[in-house]
1. Do we have any residue at all in the stretch B:23-39 that's surrounded by 14 or more Cβ atoms within 10 Å (Cβ to Cβ), among the acidic types (Asp, Glu), under 25 Å from A:ALA134 (Cβ atoms) and within 8 Å of chain A (Cβ to nearest Cβ)?
2. Evaluate the stretch A:3-20: report whether one residue or more is buried (at least 20 other Cβ atoms within 10 Å of the Cβ), aromatic (Phe, Trp, Tyr), in contact with a helix residue (DSSP H, G or I) (Cβ under 8 Å, 6 or more places away or on another chain) and touching a residue at least 40 places away in the same chain (Cβ under 8 Å).
3. What helices (runs of 4 or more DSSP H) lie completely within the stretch A:93-170 and have 2 or more residues being of a type outside the set (Asp, Glu) and touching a residue at least 40 places away in the same chain (Cβ under 8 Å)?
4. Which ones in the stretch A:32-54 are touching a residue at least 40 places away in the same chain (Cβ under 8 Å), more than 8 Å from chain B (Cβ to nearest Cβ) and either in a helix (DSSP H, G or I) or touching a strand residue (DSSP E or B) at 6+ places or on another chain (Cβ under 8 Å) (or both)?
5. Quick test of your reading of the structure: A:ALA157 fulfils all but one of (1) surrounded by 13 or more Cβ atoms within 10 Å (Cβ to Cβ); (2) under 22 Å from the mean Cα position of the chain (by Cα). Name the failing condition by number.
6. Quick check on my filter: what residues within the stretch A:157-175 are at the interface with chain B (Cβ under 7 Å from one of its Cβ atoms) and either touching a His at 6+ places or on another chain (Cβ under 8 Å) or over 14 Å from B:ALA77 (Cβ atoms) (or both)?
7. Among the candidates B:GLN91, B:GLN78, which residue alone is modelled with pLDDT of 90 or more and facing chain A (nearest Cβ under 9 Å)?
8. Please specify each residue of the stretch B:163-187 satisfying the condition of being assigned to a strand (DSSP E or B) and out of contact with any helix residue (DSSP H, G or I) (no Cβ under 9 Å at 6 or more places or on another chain).
Amino acid sequence: MDQHFDRLLTFLCPEDPDEAGLRYLRLHQKLAGYFQFRGVADPIAAADETLDRAARRIAEGSDVPDIDKFCLGIARFIIKEGWRFNNRESAAFLQFLQQHDHDSKDVDRFSLMKTCFEQLPQNDRDLLSSYCSAPTGRARAKYRVELAEQLNYTVTAMRVRVTRVRRSLDDCVKELSRSYW
Amino acid sequence: MTDERTTAYLLQELTEEEAERFEEQCFALDKWPSQLESAEQELIDAYLHDELGKDQRLRFEKNYLTTDVRKARVLTAQSFHKVLPPPRPLQTMTLGEKLWAFIQRPALPQAAVAVLILTIGIALLVPFMLSGRRPQTFQRLDLALSSANRDTGVQPEKVALPLHAEALEIHLKLPEQSTNAAAYRVQWENVSNSLGDLQIESRDSQSIVVIIPADKLSPGRYTLKLFTVNQDGIKQRVSGDYFFTAEEPARSR
């Protein structure tokens, strides 16, 4: 396996091992992003699996004119195999969310979200509540431009910030809910 | 990779070739594009806020909600909107502040600009004010929520046309379980078309008041649909409708 890995690194940049390492990491991150976007339960493991298979195929002498397309092809195949779309952890978390609604006696998912939300810095809380209370339709775009101006962001940067903070909330809820699985 | 294209990809509205091209474009970038996750969040929010069309909603449920991870994303987004506090007011410049900022600027150009704005303003505003002025006289109509429809035989309230006022002032009695909503929306329709939203003039704990100008009414049956909007901005339809019929007096031969 290590030999395959070394062959892959050499393939990525024969003349510079450090650069090869960077290219490997970049490829891994893109694959993990792809698997996450496709709703795979463990995107990191899926990216590992893709690169393992790519390394093996390269070691076996496959013709690879474009490493990005080559890895994407393997990733698609892995998706088609239904590879870990769901796993025990994702099933348990979903079950927790479905069962711990308002009626739940011990804890509900809303109270966990509230706890996580309250742990955010005040400026992130303000950002989320302002950003997400935008009106609908055309007024939404205008509202968000004004909000971005007020906060000294570009609209794109503000949106990325909102996405990151919301993802951190999701992670926090998942972490807090673990003791109930 | 626009939001529209990302949404189309997630809802599987693209052909297989288009979807593959979309993936390749994303993968060809140095980093996996973060705007995809933003667009996905917006799609989930649109689903939760009932902003998707009927077909898109169905595709969301059939083609997007295919894994545990995605289902969990939707549920956590729902929790998020539920606990989100109302925003602090957005600090924008008031008209007075804008005027003051304008006055503070160097003098020469704004005299010309002010004259120009004033001239255009008068030319545009006067006809608008004359034609679009607010009704001054109202004919009151009280309606209660009814689950009746055309087939149940319950007679709707009747309004004789022409009105003896410039507008119909409709007092919609709120059902008990809906009196504490953060806001309301009222949509109206005739037998063939949706006529859009009615502006809510006022509200109290028991009822809300909407106005329909006389020139918007023609003979026929009208239905008003009530929606509550909670603090998260989530709109929910109140079951039942308000009905009335506008009638012209029968002509004598």
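The values are calculated or read from the model by the stated rules, or taken from the named source; none is laboratory data. Everything quoted here is computed from the prediction, not taken from an experiment. Heads up, the Cβs are rebuilt from the backbone with ideal geometry, glycines too, and the neighbour counts pull from every protein chain shown.
1. Yes, the stretch B:23-39 contains a residue that is surrounded by 14 or more Cβ atoms within 10 Å (Cβ to Cβ), among the acidic types (Asp, Glu), under 25 Å from A:ALA134 (Cβ atoms) and within 8 Å of chain A (Cβ to nearest Cβ).
2. no
3. Output list reads A:109-119.
4. A:PHE35, A:LEU51, A:ASP52, A:ALA54
5. (1) is the only condition that A:ALA157 fails.
6. A:ARG159, A:VAL160
7. Exactly one of B:GLN91, B:GLN78 is modelled with pLDDT of 90 or more and facing chain A (nearest Cβ under 9 Å), namely B:GLN78.
8. Once the filter is applied, which keeps residues that are assigned to a strand (DSSP E or B) and out of contact with any helix residue (DSSP H, G or I) (no Cβ under 9 Å at 6 or more places or on another chain), the stretch B:163-187 yields B:GLU169, B:ILE170, B:HIS171, B:LEU172, B:LYS173, B:ALA183, B:ARG185, B:VAL186, B:GLN187.
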